[in-house]
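Only the coordinates and a few stated rules stand behind these numbers; no lab work does. Quick caveat: nothing in here was measured; it's all calculated off a predicted structure. Neighbour counts run over all protein chains shown; Cβ positions are idealised from the backbone, glycine included.
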Amino acid sequence: MTPSGSGDKAHRGLLITFEGPEGSGKTTLIDALSEELARRGCESLQLREPGGTSIGERVRSVLLDHSSRGMCAETELLLMEASRAQLVREKIQPALEAGLIVLCDRYADASTAYQGYGRGLGEKLVERFNKFATGGLQPDLTFLCLLPPAEGRDRLKQRKTDRLDREDHEFHDRVYEGYQALASSGHPRFVVLDASVTPDAVRDDAMSHLARLEHGLLKFL
Ligand code: TMP
């Protein structure tokens, strides 16, 4: 597989990923952006991690089901990467080659934040597994929806929770720290969004970033 993404335009589409702690409103934002893009005549494909393929969705069930309570950190990372490897080859790469905008609800940065920081496996180790699973495919753009963990916890009270949602406060604080570290890494693909405002305001913020992008996206919008 040819690695592509920012810096290497081997494909014609765009890979946009959405990251953030629990309850940060990523899924609502992706739905809103997809609608907005469709109104402008841009076809997009929505995917999620873990999952997004038939194999990946089965892996997702194993990862998130409460019956998997005893799962060790290493197994958790490997299953996340297994789902990712399948998604990249079965869905993302073909969609990019067909020129689509791919909107992916979480990607490799989630393993950095959750397994690297949250589980304490370390950024460097996770980076190696991420590279293997993605074949080096990097997002063109990553929206980091940042919301303090306490606010995320309040939002979670209104929905059904999974195994990872139920981890203790310290775990989610470390995940947040991981996302903050990515946000301050200075890498140009990261766009930080304040997720504590209304869903419409988050969408408008994201759209204004898309419209300002000089490379790639202008040909779509
Ligand atoms: P979701 O709730 O955003 O659908 O994500 C599923 C859960 O999986 C969420 O708690 C974050 C977690 N996750 C990881 O721990 N590592 C990963 O690499 C990914 C993609 C998700």
Proximal lysine pairs, the chain, alpha carbons under 18 Å, eight or more residues apart or interchain: 6
Stretch gain in nm, segment residue 125-residue 194, where the contour uses 0.36 nm per residue and the Cα spacing is subtracted: 21.9 nm
Once exposed loop GluC sites (Glu not before Pro) are cut out (DSSP; at most 14 other Cβ, 10 Å), longest piece of the chain: 44-213
Listed residues 116, 70, 13, most fluctuating in the chain (Gaussian network, C-alpha, under 10 Å): 70
Structure-based [θ]222 nm, the chain - -39500 (n - 2.57) summed over DSSP H runs of at least 4, per residue, nearest 500: -13500 deg cm²/dmol
Dipole magnitude (debye, nearest 20) for region 14-218, charges at Cβ of Lys, Arg, Asp, Glu: 400 debye
FRET efficiency, residue 97 to residue 177 (Cβ-Cβ, R0 30 Å, nearest 0.05): 0.25
Ranking of 142, 161 by count of other Cβ atoms within 10 Å, fewest first: 161, 142
The chain, relative contact order [Cα under 8 Å, separation at least 6], %: 32 percent
Calculated FRET value between residue 158 and residue 208, using beta carbons and R₀ = 35 Å, to 0.05: 0.80
Region 20-77 and region 118-161: distance between their alpha carbon centers, rounded to Å: 11 Å
Extension reserve of the residue 68-residue 28 stretch, reckoned as 0.36 nm per residue once the Cα distance is removed: 11.7 nm
